[in-house]
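Input: a single structure, listed below in structure tokens.
The values are calculated or read from the model by the stated rules, or taken from the named source; none is laboratory data. Quick caveat, the model's predicted, so the values are computed rather than measured. Every residue, glycine among them, receives a Cβ derived from its backbone with ideal geometry; neighbour counts consider all protein chains shown.
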Amino acid sequence: MIKKFLESIGEYFLFLKMVFRKPEKWKIFWRQLVVESDKLILSSILLVGVISLFIGGVLVIQTASNLENPIIDKMYIGYMVRESLILEFCSTMIALILAGKMGSNISSEIGSMRITEQIDAMEMMGVNSAGFLVLPKLVATTVLSPLLMLLSLALGLVGGWIVVESTYIIPPPSYITGIKAFYNGFYIFYSCFKMSLFCFMISSIAAFNGYYAKGGSLGVGQSSTRSIVITSILILLADLIVTQLMLY
Amino acid sequence: MIKVEHLYKGFDGTPVLKDISVTYEPGKCNMIIGASGSGKTVLLKNLIGLMEPDSGDIYYGDRRMSELTSREKMKLRQRIGILFQGSALFDFATVIENVMFPMEFFTDWSPAQRRERAQYCLEKVNVIGSDDKYPNELSGGMQKRVGIARAIALNPEFLFCDEPNSGLDPYTSILIDRLISDLTKEFNMTTVVNTHDMNSILEIGDKIGFIHQGTLLWQGDRHSILETDCRELRDFVCANTLARNIIEGR
């Protein structure tokens, strides 16, 4: 069991070595990068947007219900919602959601190419299949995912504002004051960094599981499930380590 | 020319190929035949470098495969065309993009030149008017044809076909066989076909090697196969009604 685990880690890093080989033709790489950005990042905007909008609203209600204290200024509700969104929700929670969406997409796509010999065909042509298939996905998700985080933050705050405006749970000016108070730019950097790291983990682990999928369609399904489970656990572990390293 | 010398291959201590020595010549359809599980796919995978032999040598021309650097192997692979059992067309690409795929990587041709060459290859295999279709919109026979067009796109010296007729009706099978044979002769390729289809063997088998339980038991051509004294080969051949009737003079 331990030997198998260590072997898998070794295989994963050897796989990354193949992925990061210089592309045969940069023109093909840039073209694939655009395709993958559209498929993995742009197509996630709706899901991320809808979830963020609702979570922002829910956070306002929950925070307001927990801070029904006349001594505490209502603007702190807006402040706490913003901090919750920046520090945890917009990076870690969104990454966990993307682990399901992007992870299964990448793993099943590459896995089905493996079992239908498409990857063998590429290799036999002399094409570095790992580089062609995986590198554009890794770059697209790692570089562009902070934009999803920023979008999630913006829509989360909008969601909170909609709830505030429509229910008057706190005065809207207090909410606006709160979300602007004690702004710390480093938290944005921290959250963007986490998002990039998590998305790198999602795409590389999913691609690794898909690339070595075995056993027909059942194997593809198993590799997809395995990549989501492993990635979710590793995201939480990495969250803990990165937070300790960057915030303390 | 491809030469195999004393090739052994096994898995988990079980030998799958035992002392295989054979030469595949250019301009001929060289067939590897045998029952399922006999080791012919393992031999093909060793030939194309998807598996490493345990011992023995494979020569492409005068170069020993095991001595090639990874860069030289990459170069060699560009001289090889392969038709996979399931065609292995790329799902993300249309028919014409599939055929242009190797050209994009390994030539400096302009898009117009690539398209022209791809259309020439597609015409060769008689796939016309399906340029913008995706593989899942094609029949099995059409997919095989596109697979052949992609395999010959870079004018390869070596063509490998793994069970080219599997899943095809007899009529389409014969068309695919003739296509492989015609292209082999036209471009003087060294073609190696892995099959257990007796119709194919009798139709295009210029040189035939029969593998039984990992051993190359018999070599000959499509004429001598019907007169063989090899009992295992006769059993294999006579499992096909047409061949049995020919042998029995009916």
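Worth a mention:
- The single residue among A:F182, A:F186 that is outside any helix (DSSP H, G or I), over 20 Å from A:L40 (Cα atoms) and either over 16 Å from the mean Cα position of the chain (by Cα) or not aromatic (F, W, Y) (or both) turns out to be A:F182.
- Checking A:M124 against (1) touching a residue at least 40 places away in the same chain (Cβ under 8 Å); (2) surrounded by fewer than 24 Cβ atoms within 10 Å (Cβ to Cβ), the condition it does not meet: (1)
- Scanning the range B:45-57 for residues that are within 13 Å of chain A (Cβ to nearest Cβ) and in a loop (DSSP other than H, G, I, E, B) turns up B:G49, B:L50, B:M51.
- Filtered residue count, the range B:58-83, keeping only those that are assigned to a loop (DSSP other than H, G, I, E, B) and within 8 Å of chain A (Cβ to nearest Cβ): 1
- Scanning the range A:101-127 for residues that are facing chain B (nearest Cβ under 7 Å) and over 19 Å from B:P135 (Cα atoms) yields A:M124, A:G126, A:V127.
- Residue match in the range A:196-216 (condition: modelled with pLDDT under 95, surrounded by 16 or more Cβ atoms within 10 Å (Cβ to Cβ) and of a type in the set (V, I, T)): no
- Residues that are under 17 Å from A:L218 (Cα atoms) and either surrounded by fewer than 24 Cβ atoms within 10 Å (Cβ to Cβ) or under 9 Å from the mean Cα position of the chain (by Cα) (or both), drawn from the range A:95-115: A:S104, A:N105, A:S108, A:E109, A:S112, A:R114, A:I115
- Note on the range B:84-155: enclosed helices (runs of 4 or more DSSP H) holding 1 or more residues that are facing another protein chain (nearest Cβ under 10 Å), small (G, A, S) and surrounded by 21 or more Cβ atoms within 10 Å (Cβ to Cβ) are B:140-151.
- Checking A:G78 against (1) buried (at least 24 other Cβ atoms within 10 Å of the Cβ); (2) over 21 Å from the mean Cα position of the chain (by Cα); (3) within 14 Å of chain B (Cβ to nearest Cβ), the condition it does not meet: (3)
- Selection within the range A:28-74 - surrounded by 18 or more Cβ atoms within 10 Å (Cβ to Cβ), closer than 23 Å to A:S204 by Cα and among the basic types (K, R): A:K39
- The residues of the range B:158-182 that are surrounded by fewer than 18 Cβ atoms within 10 Å (Cβ to Cβ), part of a loop (DSSP other than H, G, I, E, B) and of a type in the set (D, E, K, R) amount to a single one, B:D169.
- Qualifying residue in the range B:118-130 (condition: over 15 Å from the mean Cα position of the chain (by Cα), among the charged types (D, E, K, R) and within 20 Å of B:L183 (Cβ to Cβ)): yes
- Residue check for A:S152: small (G, A, S), in contact with a Cys (Cβ under 7 Å, 6 or more places away or on another chain), more than 22 Å from A:I72 (Cβ to Cβ) and part of a helix (DSSP H, G or I): yes
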